[in-house]
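What follows is a single structure, written as structure tokens, with notes after it.
The values are calculated or read from the model by the stated rules, or taken from the named source; none is laboratory data. No experiment lies behind these values; they were computed from the predicted model shown. Virtual Cβ from ideal backbone geometry, glycine too; neighbours counted across all protein chains shown.
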Number of protein chains: 2
Amino acid sequence: MQKAFQEAEDAFDKGEIPVGAVVVINNRIIARSHNLTELLNDVTAHAEMQAITAAANFLGGKYLKNCTLYVTLEPCQMCAGALYWSQITKIVCGASDEKRGFRAMGSQLHPKTEIIFGIMEQECSNLMTTFFKNKR
Amino acid sequence: MQKAFQEAEDAFDKGEIPVGAVVVINNRIIARSHNLTELLNDVTAHAEMQAITAAANFLGGKYLKNCTLYVTLEPCQMCAGALYWSQITKIVCGASDEKRGFRAMGSQLHPKTEIIFGIMEQECSNLMTTFFKNKR
């Protein structure tokens, strides 16, 4: 989650909503990314979406079995939907998203996917709060 | 919807699940795409996702205001999530997806988005049925 947090800090420095993601298989990082919606002018360029695409590219197959996604913010319904299709084994989240997180929006993960919330929650949450405070 | 259906037929011919999408603004097509999850080995490569990215690229901004998406199959929760973020004005759907469609999965579109179901429903649905029958 430290590496995902570094990615979120990179996003912060670029003026992007600070969310970072890393995909790990067998203790090895195979994808790392951060939110790029502003730079790419693309609502689909969330950290998780890029990490899913990059990890599948690395693995040469579209399913992320035995992979863990570390992400600094609870995924939105788009990212939860992509994670559903990927059948990823595990997701580890930092901050929760009470408004636009997949749980609040009613979306579903794949039944095979385990999810853990609240890892480095305070740091991840503080980075978001600082970002939006600076925007105002 | 005819153009979206042609895209779905292109997907069919490539052995991809036959879903096609077109984005229109002021009666002009600004994006057309079909499902490429097999070719790209990427669960995120749904027709709608590509159409959203292409349309935003064409417009030079990430919001699809005044745009209409024509899509041959009801969007899944990932695509509905992306459409939510895009704040697209209108969605016109062909076939419904009782299992994995965003309505069955509990996902939400943006409150600003109007959606219409059942346009060329039979053709769109038949193409899917034929595809999966051939797969067996």
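For segment A:104-127, state whether one or more residues are more than 10 Å from every other protein chain (Cβ to nearest Cβ), in contact with a Pro (Cβ under 7 Å, 6 or more places away or on another chain) and at pLDDT 95 or above. Checked segment A:104-127: at least one residue is more than 10 Å from every other protein chain (Cβ to nearest Cβ), in contact with a Pro (Cβ under 7 Å, 6 or more places away or on another chain) and at pLDDT 95 or above.
Criterion applied to A:Thr130, A:Thr68 was being under 15 Å from A:Ala11 (Cα atoms) and away from chain B (no Cβ under 14 Å), and the one residue passing it is A:Thr130. Taken over segment A:80-97, residues that are in a loop (DSSP other than H, G, I, E, B) and either farther than 16 Å from A:Cys124 by Cβ or modelled with pLDDT under 95 (or both) amount to 3.
Do we have any residue at all in segment A:12-25 that's in contact with a Gly (Cβ under 8 Å, 6 or more places away or on another chain), modelled with pLDDT of 95 or more and crowded, with 18+ Cβ neighbours inside 10 Å?
No, there is no match, as no residue in segment A:12-25 is in contact with a Gly (Cβ under 8 Å, 6 or more places away or on another chain), modelled with pLDDT of 95 or more and crowded, with 18+ Cβ neighbours inside 10 Å.
In segment A:52-78, what residues are over 15 Å from A:Arg32 (Cα atoms) and of a type in the set (A, V, I, L, M, F, W, C)? Once the filter is applied, which keeps residues that are over 15 Å from A:Arg32 (Cα atoms) and of a type in the set (A, V, I, L, M, F, W, C), segment A:52-78 yields A:Cys76, A:Met78.
Scanning segment B:111-129 for residues that are within 14 Å of B:Val19 (Cβ to Cβ) and without any contact (Cβ under 8 Å) to a residue 12 or more places away in the chain yields B:Asn126, B:Thr129. If you check B:Ala45 against the conditions, is it in a helix (DSSP H, G or I), of a type outside the set (Val, Ile, Thr) and closer than 28 Å to A:Leu40 by Cβ? Judged against the criteria, B:Ala45 is not a match. When B:Leu36 is tested against (1) crowded, with 17+ Cβ neighbours inside 10 Å; (2) assigned to a loop (DSSP other than H, G, I, E, B); (3) facing chain A (nearest Cβ under 9 Å); (4) touching an Asp or Glu at 6+ places or on another chain (Cβ under 7 Å), only condition (3) is not met.
Contact annotation: residue pairs with Cβ atoms under 6 Å, 6 or more positions apart or on different chains, pairing a residue in segment A:73-84 that is more than 9 Å from chain B (Cβ to nearest Cβ) with a partner that is assigned to a loop (DSSP other than H, G, I, E, B), are A:Leu73/A:Val19; A:Leu73/A:Asp97; A:Glu74/A:Ser96; A:Glu74/A:Asp97; A:Glu74/A:Gly101.
Tell me yes or no: at least one residue of segment A:52-72 is small (Gly, Ala, Ser), under 14 Å from the mean Cα position of the chain (by Cα) and modelled with pLDDT of 95 or more.
yes
Output the number of residues of segment A:53-66 satisfying the condition of being surrounded by 24 or more Cβ atoms within 10 Å (Cβ to Cβ) and either touching a Lys or Arg at 6+ places or on another chain (Cβ under 9 Å) or not in a helix (DSSP H, G or I) (or both). Qualifying residue count, segment A:53-66: 2. For segment A:39-51, taking the residues that are more than 13 Å from the chain's Cα centre (by Cα) and of a type in the set (A, V, I, L, M), the one that is nearest to the other protein chains (Cβ to nearest Cβ) is identified as A:Val43. If I filter segment B:75-93 for residues that are in contact with a Cys (Cβ under 8 Å, 6 or more places away or on another chain), within 17 Å of B:Gly20 (Cβ to Cβ), crowded, with 21+ Cβ neighbours inside 10 Å and among the β-branched types (Val, Ile, Thr), do I get at least one hit? Looking through segment B:75-93, at least one residue is in contact with a Cys (Cβ under 8 Å, 6 or more places away or on another chain), within 17 Å of B:Gly20 (Cβ to Cβ), crowded, with 21+ Cβ neighbours inside 10 Å and among the β-branched types (Val, Ile, Thr).
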